[in-house]
Amino acid sequence: MSDTATTTTPADLSALFAPRGIAVIGASRHPHKLGATLARSLSGFASAGGHLALVNDRDDGMYGSVTQAAADGPIDVAMICVPAPACPDALAEAAAAGARA
């Protein structure tokens, strides 16, 4: 046995539990789609002063990319609501824009 105690530093989970900004990737205006449901459920976050970024490159009223959304405010959490084949690219873009959760 070693006499040296091993110390670990807990992971910083503030991005997950106290985000400054959330991006909904694949947000939708169609009320029955997951992206619309998720955006509605996060509306309280935006009214409490958080940066809620709705991302859909096919809707001119939303951000075209997470990078564009991050230019207007921090993105700590990315909620991905796109078809499975598009998830790896969405995740990579969110990470590059600063999302940690």
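Listing for the model above:
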read-out: Phi-based couplings in Hz for the range 12-25 (Karplus 6.51, -1.76, 1.60; Gly and Pro marked x); value: 7, 9, 4, 4, 7, 9, 9, x, 8, x, 10, 10, 9, 8
read-out: Carbon plus sulfur fraction of accessible area for the chain, probe 1.4 Å, in percent; value: 58
read-out: Under-5 Å amide H pairs with Gly21, H placed in peptide plane, nonlocal only; value: His51, Asp76, Val77
read-out: Summed side-chain charge close to His51 - residues other than His51 whose Cβ falls under 12 Å, Lys, Arg +1, Asp, Glu -1; value: -1
read-out: CD proxy at 222 nm, helix term only [per DSSP H run n ≥ 4: -39500 (n - 2.57); per residue of the chain; nearest 500]; value: -8500 deg cm²/dmol
read-out: The range 36-48 - phi-based ³J(HN,Hα) in whole Hz, Karplus 6.51/-1.76/1.60, Gly and Pro as x; value: 6, 4, 5, 4, 5, 5, 9, 4, x, 5, 5, 6, 8
read-out: Value of relative contact order over the chain, rounded to a whole percent, pairs C-alpha under 8 Å and six or more apart; value: 31
read-out: In sequence order, calculated HN-Hα J values of the range 68-84 (Karplus, 6.51, -1.76, 1.60; Hz; x Gly/Pro); value: 5, 5, 5, 5, 9, x, x, 10, 9, 10, 10, 9, 9, 10, 10, x, 3
read-out: Förster-model FRET efficiency, 22 Å R0, Asp60 and Ala86, C-beta, rounded to 0.05; value: 0.65
read-out: Anisotropy class of the chain from Cα gyration tensor, a/c 1.5 cut; value: prolate
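The values are calculated or read from the model by the stated rules, or taken from the named source; none is laboratory data. None of these values were measured; they are calculated from a predicted model. All Cβ positions, glycine included, derive from the backbone under ideal geometry; neighbour counts span all protein chains shown. Keep in mind that these areas ignore ligands, DNA and RNA; they rest on the heavy atoms of the full protein, side chains included. Shrake-Rupley method; radii C 1.70, N 1.55, O 1.52, S 1.80 Å.
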